[in-house]
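Report on one structure; see the data block that follows.
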Amino acid sequence: MSHDALFQPLTLGTLALPNRIVMAPLTRGRADEANVPQPVMGEYYAQRADAGLIVSEATAVHPLGMGWYRVPGIWSDEMVAGWQGVTGRVHDAGGRIFCQIWHMGRLVLPDYIGGQQPVAPSAIASEGETFAPRPAGDDSLFLPMKPYAVPREMTQADIDEAVAAYGRGAANARRAGFDGVEIHGANGYLIDQFLKTSSNHRADGYGGSLENRLRFLREVIAAVVAEVEPGRVGLRISPTSERKGMADADPGALAEAIGTLVQEYGLAYVHLIEPIAAGFMDVPDNPVMDRLRGAYKGAVIQNGGFDAEKGAQFIANGDADAISFGRPFMANPDLVDRFRKGLPLAEVNFDYAYVGEEKGYTDYPAYAEAAEQAG
Ligand SMILES: Cc1cc2nc3c(=O)[nH]c(=O)nc-3n(C[C@H](O)[C@H](O)[C@H](O)COP(=O)(O)O)c2cc1C
């Protein structure tokens, strides 16, 4: 089947994309131990610059929101300088890149923040465990795992500080040469923790009613659009996701309310993770796309288990404006070309998903190179 729909140009807010194939944000742990982006990251993103749009890996806006080994941040001048190297490489290769701005809230292990308690809307720990920092002298491939800690309920001052950090992160992203920012409101991180009923039990103006649970996101959006024009701001959400003990009593109503909010601010796009195929998350019983679309008239990027055929079908049917691909971009730097020519895809080695330097990161060959190597 032809995948023509993926290759139609698209205007996302005020940014023109040459195709509708978006590189989904992918945490890869190749910053340094001080969370400063490294030149190898520029190489990796430049290899993938023919995506219509690259959304960067999640990038922490505040030290208290950073809880993953060697992820990048964007709160200091050193980090901005590191990112300038990356965005410069992408632009030289003809690409476009947004910065995904991120605060992990209760998903931060105390190990990453000097033993402090992580912050969250309510003092409810996430389910499960996560990667702890690498112990000194340990050079094994795999990171140790630890259970999540019980967070401290954020005070008004904590909330104000976090909101300001998103604004500063957006301003820094602009200084670092990004084409725009994507607010990470998905996957059980801080904004999602405020949005969903399972993790937000607050009794003040940030909890209870849907309007109150949206208040933190509304303040974050306002802080971000004060720094970056709304036509260059996107929002990623996962209203149906129940990973990490997350759940909402009514994901459809939540999606519609988020759509109304984003419409009010005129953001460039909503990036919806609504798994279509099994694999990354369970398929929701009750998809929320229609509720979102009813309220929001801008572009929707759909994500979650797509291949080229399904993605093209979604765009052709009007169920999405663009499709983002995560895992397929890891092992296929030339994914756009492979989709165009109908070439087979290489498989990811997940041992190197979050650790390693060049290996399993920048050393995946393009199709023609791989064919040559195979003789
Ligand atoms: C290694 C890895 C890292 C990821 N890092 C992020 C991230 O930093 N931010 C984010 O919003 N999603 C992240 N995700 C989720 C992906 O963006 C995407 O939603 C998921 O892989 C499903 O899309 P796919 O089926 O095309 O892979 C990550 C997924 C993987 C596999």
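The values are calculated or read from the model by the stated rules, or taken from the named source; none is laboratory data. Please read these numbers as outputs of a predicted model, since none were measured by experiment. With ideal geometry, Cβ positions are generated from the backbone for all residues, glycine too; neighbour counts draw on all protein chains shown.
Taking the range 1-69 as the region of interest, the strands (runs of 3 or more DSSP E) fully inside it that hold 1 or more residues being more than 20 Å from Ile237 (Cβ to Cβ) are 10-12, 15-17, 21-23. Please indicate, with yes or no, whether at least one residue in the range 336-357 is over 19 Å from the mean Cα position of the chain (by Cα) and among the polar types (S, T, N, Q). Checking the range 336-357: at least one residue is over 19 Å from the mean Cα position of the chain (by Cα) and among the polar types (S, T, N, Q). Name the residues in the range 177-195 that are away from the ligand (no atom under 16 Å from the Cβ) and surrounded by 19 or more Cβ atoms within 10 Å (Cβ to Cβ), would you? Passing the criteria: Asp179, Phe194. Taking residues in the range 296-309 that are more than 18 Å from Pro9 (Cβ to Cβ), and partners anywhere that are part of a loop (DSSP other than H, G, I, E, B) and of a type in the set (S, T, N, Q), not one pair has Cβ atoms closer than 8 Å while being at least 6 places apart or on different chains.
Report every pair of residues separated by at least 6 positions or lying on different chains whose Cβ atoms are under 7 Å apart, first residue within the range 15-32 and closer than 16 Å to Met79 by Cβ and touching a residue at least 60 places away in the same chain (Cβ under 8 Å), second of a type in the set (Val, Ile, Thr) and outside any loop (DSSP other than H, G, I, E, B). Filtered contacts from the range 15-32: Arg30/Val40.
Yes/no per residue for (1) within 30 Å of Arg293 (Cα to Cα); (2) touching a helix residue (DSSP H, G or I) at 6+ places or on another chain (Cβ under 7 Å); (3) not basic (Lys, Arg):
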| position | (1), (2), (3) |
| --- | --- |
| Phe329 | yes, yes, yes |
| Tyr352 | no, no, yes |
| Glu357 | no, yes, yes |
| Ala370 | no, no, yes |
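Here Ser122 fits the description: away from the ligand (no atom under 16 Å from the Cβ), over 30 Å from Thr14 (Cβ atoms), of a type outside the set (A, V, I, L, M) and in contact (Cβ under 8 Å) with a residue 40 or more places away in the chain. Close contacts from the range 165-193, counting a first residue that is closer than 22 Å to Gly82 by Cβ and a second that is basic (Lys, Arg), with Cβ to Cβ under 6 Å and a gap of 6+ residues or different chains, come to Asp179/Arg96; Gly180/Arg232; Glu182/Arg236; His184/Arg236. If you go through the range 12-37 and pick out every residue that is more than 16 Å from the ligand (Cβ to nearest atom) and either out of contact with any helix residue (DSSP H, G or I) (no Cβ under 9 Å at 6 or more places or on another chain) or of a type in the set (A, V, I, L, M) (or both), you end up with 7.
Can you name every residue in the range 151-163 that is surrounded by 15 or more Cβ atoms within 10 Å (Cβ to Cβ) and among the hydrophobic types (A, V, I, L, M, F, W, C)? Met154, Ile159, Ala162, Val163 - these are the residues of the range 151-163 that are surrounded by 15 or more Cβ atoms within 10 Å (Cβ to Cβ) and among the hydrophobic types (A, V, I, L, M, F, W, C).
Give the residues of the range 313-350 that are within 14 Å of the ligand (Cβ to nearest atom) and among the acidic types (Asp, Glu), sorted by residue number. Answer for the range 313-350, where residues must be within 14 Å of the ligand (Cβ to nearest atom) and among the acidic types (Asp, Glu): just Glu347.
For the range 206-262, the set of residues classified as among the charged types (D, E, K, R), away from the ligand (no atom under 16 Å from the Cβ) and either in a helix (DSSP H, G or I) or at positive phi (or both) consists of Glu211, Arg213, Arg215, Arg218, Glu219, Arg232, Glu256, listed by residue number.
Entry remark, the range 331-375: residues being part of a loop (DSSP other than H, G, I, E, B) and either of a type in the set (Val, Ile, Thr) or under 26 Å from Gln38 (Cβ atoms) (or both) number 21 in total. In the range 93-129, the residue that is modelled with the lowest pLDDT out of those that are of a type outside the set (Lys, Arg), more than 14 Å from Gly67 (Cβ to Cβ) and part of a loop (DSSP other than H, G, I, E, B) is Glu127. Applying the criterion of being surrounded by fewer than 13 Cβ atoms within 10 Å (Cβ to Cβ) and at pLDDT below 95 to the residues of the range 358-375, the residue that is farthest from Arg134 (Cα to Cα) is Gly375. Could you look through the range 79-104, keep only residues that are within 14 Å of the ligand (Cβ to nearest atom) and of a type outside the set (Val, Ile, Thr), and pick out the one that is nearest to Leu15 (Cα to Cα)? The qualifying residue nearest to Leu15 (Cα to Cα) is Phe98.
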